[in-house]
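Everything on this sheet refers to the single structure shown next.
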Amino acid sequence: MADVIAVRRTMQMRRVRSGVSVFLTALCAGSAAAALLLILGYVVHAGIASIGLPFLTQVPHPVGIPGGGVANAIVGTGITVAISVVMATPLGVLTGVYLAIYGRGAAASSIRFLSDVLAGVPSIAIGLFAYVVLVAPFKHFSAISGAFAFAVLMLPVIIRTTEEAIRSVPIAIREGALALGLPIYATTLRVVIPAARAAIITGLLLSIARVTGETAPLLFTAFGSQFWEFNPANPMAQLPLQIFNYAISPYPEWHQQAWGGALILIVVVLFLNILARAALRSRASR
Amino acid sequence: MGEPAFRPRYRVGDRLFAWALNLSTWFYVALIVGLFTVLLAGSWLAIKSFGLHFLVASSWDPVTGHFGALPFIFGTIVSSVIAIAIAAVVGIAAAAYLAEFAPPLIARPLAFLIELLAAVPSVVYGLWGLFVLAPVMRSAIGPAIQSKLGWLPLFSGPIYGVGMLTASLILALMIVPTVAAISRDFIEGVAVDQREAMLALGATTWETVRRAVLPAARPGIFGACVLALGRALGETIATTMVIGNRPAISASLFAPGYTLASVIANEFTEATTQVYISTLIGLGLLLFVISIVVNAAARILMHTVLRNVEER
């Protein structure tokens, strides 16, 4: 009898311990999510005061002169990201197609491995690479060199998603096209790639989201500027860089500008992410 | 005979196409190899002048030509190790909750929010860390820890707000989503039989996860943590904004520190001499090599698990 009670008691203890442990895991998940909301909430709270027409249409003012904006930095980031997309997309898509179609054997799997490892290289090291290759020889900073660093950061993402997208196209579609007498290149370019287009674009979106918030590789490539600049061969203002420079300055007005810039940046980056995610999900449910 | 009766006209096109694909792929490989080569060439001057002594020298004074990387290596490793220690606990617990315990109605939005945490730009983390977390650290968290544990050298000395501990916390926050998302995939990949067997033995929900599911997913979870560690080691901007940027080795976690990535970020554009620039590129090369090793290890770990799962 006493044994039964003892067993029942330990069982109860185990149930309680189980419940408490599950609760603690929920707490961990909840606090991570809460941290995001906390940060987002604070950025909105601190940044909203800066947002206005002048902030979105003017260039930065010198210290002491109130007002000014980040318009040139927003345009600069847009130009730099656009150039990096133009640089990375053809190479990334072609390499992804290669891995998907011819990607068997040791060579292909080592390329995949190398690509995965490249995805983990710190962006600042890639910035140094861009500096040595495209800044040092020309002796001045340029948006092009920043875009080059971005392109290197984007490539692993584009290649991986393109390969998966091409592989997910049913083999019957490829075989059907070949059976109709289409050559391999036409089958790939006119049948397989169009079928995988949505997935490839999703990968492109993810890679754009990845680089848009990057600051480190721009420090000694695009460098930043206080003025309007449209020539990619020159140093160009960049939104993340502008936020960084404002934040580490000693001036409260500039800190305020940093929060405003952060709000714009976070909205853009989260929008790109959610867009890519929604595209992924809609395809997964199909 | 020998000659086929029908010779496709498109053979040239296919050959060109295969050639273009090959070319782009080898260009990509050359790019990766070039990345290493260029960093090595850029740091050659520093390697030639200082040799390996550079890695263990602890004085950093560019004006007098003293370049020692030890404070940066120390700061990089300490901040990242503390960050992964925190992120591993929180991330694995969160993954277990999302994969095993949470009702779908809660799991989905929660997982979405945690994944978005990875999308927040690092400059925003730095901004938040500098103007929100650091003051709270100086006025509340720091003194609270010090009043209890101040006798430990780890928590001694003045609290500036910015410093090693603040940087570690921000880094932890940044890598939690990596740990959580990948661990979750591996936890969900554990066979249902394992759970059923454990439950049939009379185990509670928690015991099933703790004793059957997590051990089965362990190599993959470990790989996720190594991958996250790699991210923390190379993180630049957020760390630069909150670690205090002082090239000193201090026992106290409240003291300012410095990392490899931060010193490159701060000093590269101000570097005046060739040796100075070359030294900073050398630090970049060191960071590159560390990240390659860490990431390769993570990939190999996760790959083994995936293959085991497929073979089952």
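The values are calculated or read from the model by the stated rules, or taken from the named source; none is laboratory data. Owing to the predicted nature of the structure, the values given are computational and were not obtained by experimental measurement. Heads up, the Cβs are rebuilt from the backbone with ideal geometry, glycines too, and the neighbour counts pull from every protein chain shown. Just the protein is used for accessible areas: all its heavy atoms, side chains included, with ligands, DNA and RNA removed. Shrake-Rupley method; radii C 1.70, N 1.55, O 1.52, S 1.80 Å.
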Each residue of the stretch A:14-28 in order: what ³J(HN,Hα) in whole Hz does its phi give by Karplus 6.51 cos²θ - 1.76 cosθ + 1.60, θ = phi - 60°, with x for Gly and Pro?
-> 5, 5, 4, 4, 4, x, 5, 5, 4, 4, 5, 5, 4, 4, 5
Which of A:50, A:89, A:220, positive extreme of dipole for chain A (C-beta unit charges) | A:89
Report the charge-dipole magnitude of the protein assembly as shown in Debye, nearest 20, computed about the Cα centre from +1 at each Lys and Arg Cβ and -1 at each Asp and Glu Cβ.
-> 1240 debye
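Tell me, what are the semi-axes, in whole angstrom and largest first, of the equivalent ellipsoid of chain A as set by the roots of 5 times the Cα gyration tensor eigenvalues?
Details: eigenvalues 307, 261, 62 Å².
After scaling each eigenvalue by five and taking roots: 39, 36, 18 Å.
Can you tell me the dipole magnitude for chain B around its Cα centre, using point charges on the Cβ only (Lys, Arg +1; Asp, Glu -1), in Debye to the nearest 20? Walk me through the intermediate numbers first.
Details: 18 positive and 15 negative charges, 41 e Å.
Dipole of chain B, to the nearest 20 debye: 200 debye.
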Which Cα, out of B:125, B:136, B:215, lies furthest along the positive dipole direction of chain B (beta carbon charges, K/R +1, D/E -1)?
-> B:215
Computed magnitude of the charge dipole of the stretch B:158-300 (debye, nearest 20; Cβ of K, R +1, Cβ of D, E -1) | 200 debye
State, as an integer percentage, the relative contact order of chain A based on alpha-carbon contacts under 8 Å between residues 6 or more apart.
-> 25 percent
Of the candidates A:181, A:238, B:50, the farthest towards the positive dipole end of the protein assembly as shown (Lys/Arg Cβ +1, Asp/Glu Cβ -1, centred on the Cα centre) is A:181
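What is the average number of partner chain Cβ atoms found within 10 Å of a Cβ in A:210-216? Could you put the intermediate results ahead of the total?
Numbers: counts 3, 0, 2, 8, 5, 11, 13.
Per-residue shielding by partner chains comes out at 6.
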Given a cut-off of under 8 Å on Cα pairs at least six residues apart, what relative contact order in percent is computed for the stretch B:129-171?
-> 53 percent
Roughly how crowded by other chains is peptide A:88-98, in terms of the mean Cβ count from those chains within 10 Å of each of its Cβ atoms?
-> 4
Once you have all Cα-Cα distances for the protein assembly as shown, histogram them in 20 Å bins from zero and send the whole-percent values.
-> 18, 50, 26, 5, 0
Considering only protein heavy atoms, with the full assembly of protein chains and a 1.4 angstrom probe, order B:58, B:147 by accessible area, largest first.
-> B:147, B:58
Over chain B, equivalent-ellipsoid semi-axes from the Cα gyration tensor in Å | 39, 35, 16
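So if we plug the beta-carbon distance of residue A:23 and residue A:53 into 1/(1 + (r/R0)^6) with R0 = 56 Å, what FRET efficiency do we get, rounded to 0.05? Provide the component values of the computation, followed by the final result.
Working: r = 49 Å, r/R0 = 0.87.
The pair residue A:23/residue A:53 has a calculated efficiency of 0.70.
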Roughly speaking, what is the stretch gain from residue B:89 to residue B:26, that is 0.36 nm per residue apart minus the C-alpha to C-alpha distance, in nm to one decimal?
-> 18.6 nm
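Highest mean first, how do A:135-148, B:256-269, B:160-173 rank when packing is the count of other Cβ atoms within 10 Å averaged over residues? Display every interim value, and only then the final one.
Numbers: A:135-148: 20.8, B:256-269: 24.0, B:160-173: 25.8.
Order by mean packing, descending: B:160-173, B:256-269, A:135-148.
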So what is the relative contact order for the stretch B:70-259, in percent, with contacts set as C-alpha pairs under 8 Å and at least six apart?
-> 40 percent
Shielding by partners for A:176-184, please: the mean number of other protein chain Cβ atoms within 10 Å of each residue's Cβ.
-> 2
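Please report the projected area of the stretch B:184-312's Cα convex hull averaged over all directions, in nm². Numbers along the way, then the final one.
On the way: hull surface 44.7 nm².
Average of the hull's projected areas for the stretch B:184-312 equals 11.2 nm².
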Excluding ligands and nucleic acids, what accessible area in Å² is computed for residue B:205 using a 1.4 Å probe, to the nearest 10?
-> 80 Å²
In nm, to one decimal, how far is the residue A:107 label point from the residue B:77 one, both placed 7 Å along Cα→Cβ?
-> 4.0 nm
Identify the residues of the stretch B:207-224 with backbone N under 19 Å of a label point that sits 7 angstrom from the Cα of residue B:201 along the Cα-to-Cβ direction, or state none.
-> B:207-219
In whole angstrom, how far apart do the alpha carbon centroids of the stretch A:121-152 and the stretch B:153-197 sit?
-> 32 Å
